[in-house]
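The values are calculated or read from the model by the stated rules, or taken from the named source; none is laboratory data. Everything quoted here is computed from the prediction, not taken from an experiment. Cβ placement follows ideal geometry from the backbone for every residue including glycine, while neighbour counts extend to all protein chains displayed. Just the protein is used for accessible areas: all its heavy atoms, side chains included, with ligands, DNA and RNA removed. Shrake-Rupley method; radii C 1.70, N 1.55, O 1.52, S 1.80 Å.
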Amino acid sequence: MIKGRRARAETEGADVTEGGTLGRRGVLGGLAALPVLYGIGSATSAVAATAARPDSLPKATGDLVRGTERRYHAPLLATGTRLLLPTGIKAVPVQDYYHGPHLASAQSTWPHMTATDGTTVDASIIPERGAPTRIAILSGFTEGWYELSHVNGRTDRVTWDARKLPFLWFYTEFGATKEAPYHNWFYTLALQPLSRNPYSPNTQIR
């Protein structure tokens, strides 16, 4: 039986790769350009920090607190991996993420959400390479946890204080983005708890 890993999301920055290795310097090759949230106090490599797109996320303000951001990459992240969340979670897609990110006008009940190509997907199941990108702000956490159930039998569980960090940033890229610097290379899941939603909607969320 393959043992999983339990971790707190307020502690250390981490990349998760095959074999259970958690490494602060685990960003390999082109993955350093992945646009992710870099949390206050998180330990990321200088290469990754400078390569992130500066316009991909709103600038942090004094009242935005960010928990640990964790990234899961292939080959550990594979088709059929499942992301489990508490009940009652709502998902609001982030549209036009790479150019002018803003919230969609409607939310949905997890695990259903709208992908970047407009299709409704079950976002809890990692799809095959080439599937449309899925990016969202998740809310409704009365308990702060998520659990990844990998196809190799391993389970990773991450917990945090949902009273302080009631939102979760959800980013998945499966190779559908062909423009530079992505060139359909990425197969990645990133998750990070937040104290509030950092995006402003174009219209009122209904």
Karplus (6.51, -1.76, 1.60) ³J(HN,Hα), θ = phi - 60°, over the stretch 157-165, in Hz, Gly and Pro reported as x: 10, 10, 10, 7, 7, 5, 5, 9, 10
Under-5 Å amide H pairs with His102, H placed in peptide plane, nonlocal only: Gln95
³J(HN,Hα), Karplus 6.51/-1.76/1.60, whole Hz, each residue of the stretch 119-130, x for Gly, Pro: 7, 8, 10, 8, 6, 7, 10, 6, x, 6, 4, x
Backbone HN-Hα couplings from phi across the stretch 68-76 [Karplus 6.51/-1.76/1.60, Hz, Gly and Pro as x]: 5, 9, 10, 10, 10, 10, 5, x, 4
DSSP-defined antiparallel bridges as percent of all bridges, the stretch 93-206, nearest 5: 95
Accessible area expressed per residue, the stretch 84-206, with surrounding protein chains retained (probe 1.4 Å, Å²): 42
Mean Cβ neighbour count within 10 Å, used as a protection proxy, ranking 74-86, 186-198, 168-180 highest first: 186-198, 168-180, 74-86
Leu76 long-range amide H proximity, modeled H, under 5 Å: Glu18
